[in-house]
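One structure below.
The values are calculated or read from the model by the stated rules, or taken from the named source; none is laboratory data. Keep in mind the model is a prediction, meaning the values are calculated, not measured. Using ideal geometry, Cβ is built from the backbone for each residue, glycine included, and neighbour counts are taken over all protein chains shown.
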Amino acid sequence: MEAIQKHQGTAVPLNRSNVDTDQIIPKQFLKRIERTGFGQFLFYNWRFDEDGNVREDFVLNNSAYHDGTILLAGENFGCGSSREHAPWALLDYGFRVIIAPSFADIFYNNALKNGIIPVQMDEEQVQQWIKRAEKSELELTVDLQEQIVRDDEREVPFDIPAYHRENLLNGLDEIALTLKHEAAITAFEQAAE
Amino acid sequence: MGKPETIVDKIWRNHMVHQEEGKPDLMYIDLHLIHEVTSPQAFEGLRLNNRSVRRPDLTYATMDHNVPTKNRDVIEDEISKKQMETLRKNCKDFGITLADMFHPDQGIVHVIGPQLGLTQPGKTIVCGDSHTSTHGAFGALAFGIGTSEVEHVLATQTLWQKRPKTLNVHVEGDLGTGVTAKDLILAIISKFGVRFGTGYVIEYTGEAIRNLSMEGRMTVCNMSIEAGARAGLISPDKTTVEFLRDKPNVPQGEAFEAKAAEWLALATDEGAEYDETVTINAEDIEPQVSWGTNPGMCVPVNSETPDISESENPDEVARALEYMGLEEKQPIQSIDIDHVFIGSCTNSRITDLRKAASIVEGHQVSDGVRAIVVPGSFGTKLQAEKEGLDTIFKEAGFEWRESGCSMCLAMNDDIVPPGGRCASTSNRNFEGRQGNGARTHLVSPEMAAAAAIEGHFVDVRKFAANIYS
Ligand code: SF4
């Protein structure tokens, strides 16, 4: 996992709640056996119609947002299946941060394991940024060390559990960390025999 | 006597490998189930880092998501084929038991775990699949994980987990005739919403839950994730024990009785405290039909789609109705369907098939409806054939298939076409779930069977004489 401390980028407003993983990456694209190459299929059914034509009204098809790296969304982002293809697709497309009022549990974990910062913020704040980003370009800076999101006027705090923050900040390999506890795992197994 | 504990407290305590201030707990995993879609990248990760599988004996694999349900000999989709071959190779290289496509134990991962007795009370069970919550029906702590976590469990047999909060969903009273476990869980989600379980493990309690068969309990726990909860469980009781008796992977004879006593002791203690409790009365619940694009968008079959301006979230309701091609305030029974799918890890077990068959018997699938039955496992299929259920379905005009996930997520060739409308016994009615542009209505197996016959939704209680109990 690539370490991430601070990220500055353009916000992309996706004003929908309950965005599920079937929308983020439809199942027909889950057949790859690699972690990469999913970005082209991100939000596929919203980006393209049934005949493969670009849907002009979808936000990712608006050239103003082509360089966007921070996704703003509604409540319960990432609900549905456990597919890690969802964060892989977001990352591969270029998103490093998702800001939403709430996340589905499994998605939240999956994002953290892939160097995407899931920023949980109160609904009013997210809506305010969504409205701004819909009107004109909105630049945000997400500082993971300080746990702050900055716009041009102010700083808004957020919270990521310390353990996950450490791993993200340092891009740590979690399995290697766990294997430091191998003696405890073995002892547990022996006691259970 | 110590402080009364919930079953979650007990399972947590029994699996703690390491605890440290400011960190999640390191938990031991008793059973790791694997399928072809969410595992290849995990094995790739192991290889890249020169790691092995710590406990192949606690790992069990099957193929379910991609497998054809018509003709198993030809897999036309090259990428699907590659994914299945990759699983075969990974299992061989790492010494993991695999119920391959032609293996008698093959089936949907959440159907075969219980059937093989691998799923047991008190176990921690994970799988790279969000419906792992199904196994909670046995009083196991079972939840879905992502592929990075799959890799972590393969390498270490553990996971770092924050202790979840507990939510008691208490169901008073009993379900009426023709009202099923599926209607109960749909009614719970529509009452409390698709997010109410986020951050919690749900324990289902109360009379209606106690009276459910193990299959019914699996249906309920299966959809916990649709309420946002990673896990949902039910304290083990006599029903649990009797289901597991004589299953292949449980102790036999006297050893079984000893094990059963251990299982029963796991049940939540009288007076144990939950972080939250909600209550619903089973007697008020009617057969449900989903009208929208998430499982919380459900109403009783005798009612109508919502009034947009009266809804809490008018934009969301309007969008969902538009996708579904429905009007506001449209009577549910006026909705014509063209597809029926009886299957998935929610409702494809033997009792589900028996119940659907008893509605179908002596009737014909309505003109213009394509109806398929996909048993949850090869074992279920054989059992159903032994009972002659396949004949009932086929004579009525249903297609009778091989086991797999099939039209639940339409990753193989079983797809609802754009604009098609399906009465489905599965668990998700998301946009495009059963095919790009497809419209899904979630219902019980009995309701799906009745819709197949009538060509539109009807109250299954109209078939009162045929209702199987
Ligand atoms: S039947 Fe459907 S929900 Fe169940 S495991 Fe298969 S795809 Fe997932």
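Against the numbered list (1) outside any helix (DSSP H, G or I); (2) more than 16 Å from the ligand (Cβ to nearest atom); (3) closer than 29 Å to residue A:75 by Cα; (4) not charged (D, E, K, R), residue B:302 comes up short only at (3).
If you check residue B:124 against the conditions, is it within 12 Å of chain A (Cβ to nearest Cβ), more than 27 Å from residue B:260 (Cα to Cα) and away from the ligand (no atom under 16 Å from the Cβ)? No: the conditions fail for residue B:124. Picking from residues in segment B:407-447 that are away from the ligand (no atom under 12 Å from the Cβ) and of a type in the set (Lys, Arg), the one that is surrounded by the most Cβ atoms within 10 Å (Cβ to Cβ) is B:439. State whether the residues of segment B:224-244 include one that is within 20 Å of residue B:188 (Cβ to Cβ) and basic (Lys, Arg). Yes, the conditions are met somewhere in segment B:224-244. For residue B:145, the criteria (1) free of Cβ contacts under 8 Å to residues at least 60 places away in the same chain; (2) more than 16 Å from the ligand (Cβ to nearest atom) hold in every case but one, which is (2). Please go through segment B:386-401 and pick out each residue that is away from the ligand (no atom under 14 Å from the Cβ) and either within 14 Å of chain A (Cβ to nearest Cβ) or touching a residue at least 24 places away in the same chain (Cβ under 8 Å) (or both). If the condition is that a residue be away from the ligand (no atom under 14 Å from the Cβ) and either within 14 Å of chain A (Cβ to nearest Cβ) or touching a residue at least 24 places away in the same chain (Cβ under 8 Å) (or both), then B:387, B:389, B:392, B:393, B:396, B:397, B:398, B:399, B:400 are the ones that fit.
Could you list all residues from segment B:198-230 that are more than 12 Å from chain A (Cβ to nearest Cβ), outside any helix (DSSP H, G or I) and of a type in the set (A, V, I, L, M, F, W, C)? Listed by number, the residues that qualify are B:202, B:212. Out of curiosity, is residue B:76 among the charged types (D, E, K, R) and surrounded by 17 or more Cβ atoms within 10 Å (Cβ to Cβ)? It is false that residue B:76 is among the charged types (D, E, K, R) and surrounded by 17 or more Cβ atoms within 10 Å (Cβ to Cβ). Within the set A:73, A:104, the sole residue that is buried (at least 20 other Cβ atoms within 10 Å of the Cβ), closer than 26 Å to residue B:437 by Cβ and in contact with a Cys (Cβ under 6 Å, 6 or more places away or on another chain) turns out to be A:104. With respect to the stated conditions, residue B:367 is away from the ligand (no atom under 16 Å from the Cβ), at pLDDT 95 or above, in a loop (DSSP other than H, G, I, E, B) and not assigned by TED's automatic domain parsing to the domain that holds residue B:189. Right, residue B:178: surrounded by 24 or more Cβ atoms within 10 Å (Cβ to Cβ) and at positive phi or not? Considered against the rule, which asks whether it is surrounded by 24 or more Cβ atoms within 10 Å (Cβ to Cβ) and at positive phi, residue B:178 comes out as yes. Between B:82, B:123, the distinction of being touching a Lys or Arg at 6+ places or on another chain (Cβ under 8 Å) and charged (D, E, K, R) belongs to B:82 only. Considering segment A:56-104, and only residues there that are within 14 Å of chain B (Cβ to nearest Cβ) and hydroxyl-bearing (Ser, Thr, Tyr), the residue that is nearest to the chain's Cα centre (by Cα) turns out to be A:102. Taken together, the residues in segment B:294-348 that are hydrophobic (A, V, I, L, M, F, W, C) and touching a residue at least 60 places away in the same chain (Cβ under 8 Å) amount to 12.
Any residue at all in segment B:184-202 that is surrounded by 22 or more Cβ atoms within 10 Å (Cβ to Cβ), over 29 Å from residue B:39 (Cα atoms) and touching a Phe, Trp or Tyr at 6+ places or on another chain (Cβ under 7 Å)? Checked against the condition, which is being surrounded by 22 or more Cβ atoms within 10 Å (Cβ to Cβ), over 29 Å from residue B:39 (Cα atoms) and touching a Phe, Trp or Tyr at 6+ places or on another chain (Cβ under 7 Å), segment B:184-202 yields no hits at all. Taken over segment B:16-37, the criterion of being within 24 Å of the chain's Cα centre (by Cα) and at pLDDT below 95 is satisfied by B:36, B:37.
Residue pairs whose Cβ atoms lie under 9 Å apart, sitting 6 or more positions apart in sequence or on different chains, and linking a residue in segment A:40-68 that is surrounded by 17 or more Cβ atoms within 10 Å (Cβ to Cβ) to a partner that is assigned to a loop (DSSP other than H, G, I, E, B) and among the acidic types (Asp, Glu), are A:45/B:431; A:46/B:431; A:65/A:137. Taking residue B:376 as the residue in question, decide whether it is small (Gly, Ala, Ser) and either within 30 Å of residue A:52 (Cβ to Cβ) or more than 14 Å from the ligand (Cβ to nearest atom) (or both). When the stated conditions are applied, residue B:376 does not pass them. Applying the selection to segment B:4-15, what residues are in contact (Cβ under 8 Å) with a residue 12 or more places away in the chain and either surrounded by fewer than 15 Cβ atoms within 10 Å (Cβ to Cβ) or facing chain A (nearest Cβ under 10 Å) (or both)? Passing the criteria: B:4, B:14, B:15.
Restricting attention to segment A:145-193, which residues are of a type in the set (S, T, N, Q) and either surrounded by 11 or more Cβ atoms within 10 Å (Cβ to Cβ) or within 23 Å of the chain's Cα centre (by Cα) (or both)? Passing the criteria: A:145, A:147, A:167, A:170, A:178, A:186. Can you tell me which residue among B:81, B:70, B:89 is within 12 Å of chain A (Cβ to nearest Cβ), at pLDDT below 95 and more than 13 Å from the ligand (Cβ to nearest atom)? Going through B:81, B:70, B:89 in turn, the sole match is B:81.
Here is a yes/no grid of residues against (1) closer than 25 Å to residue B:65 by Cα; (2) within 16 Å of the ligand (Cβ to nearest atom); (3) within 26 Å of the chain's Cα centre (by Cα):
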{"residue": "B:308", "(1), (2), (3)": "no, no, no"}
{"residue": "B:311", "(1), (2), (3)": "no, no, no"}
{"residue": "B:321", "(1), (2), (3)": "no, no, yes"}
{"residue": "B:329", "(1), (2), (3)": "no, no, no"}
{"residue": "B:332", "(1), (2), (3)": "no, no, yes"}
{"residue": "B:335", "(1), (2), (3)": "no, no, yes"}
{"residue": "B:348", "(1), (2), (3)": "yes, yes, yes"}
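Whenever a residue of segment B:107-121 is farther than 20 Å from residue B:36 by Cα and within 14 Å of chain A (Cβ to nearest Cβ), it has no partner that is within 11 Å of the ligand (Cβ to nearest atom) and part of a loop (DSSP other than H, G, I, E, B) lying with C-beta atoms less than 8 angstrom away and at least six residues away or across chains. Which of the residues spanning segment B:400-439 are among the charged types (D, E, K, R) and part of a loop (DSSP other than H, G, I, E, B)? B:401, B:402, B:413, B:414, B:428, B:431, B:433, listed by residue number. Taking the numbered list (1) in a helix (DSSP H, G or I); (2) more than 10 Å from every other protein chain (Cβ to nearest Cβ); (3) touching a Gly at 6+ places or on another chain (Cβ under 8 Å) in turn, residue A:140 passes all entries but (1). Pairs are defined by a Cβ separation below 8 Å, a sequence spacing of at least 6 or placement on different chains, a first member in segment B:39-51 that is in contact (Cβ under 8 Å) with a residue 40 or more places away in the chain, and a second member that is assigned to a loop (DSSP other than H, G, I, E, B) and among the β-branched types (Val, Ile, Thr); the pairs so defined are B:40/A:33; B:41/A:33; B:46/B:53.
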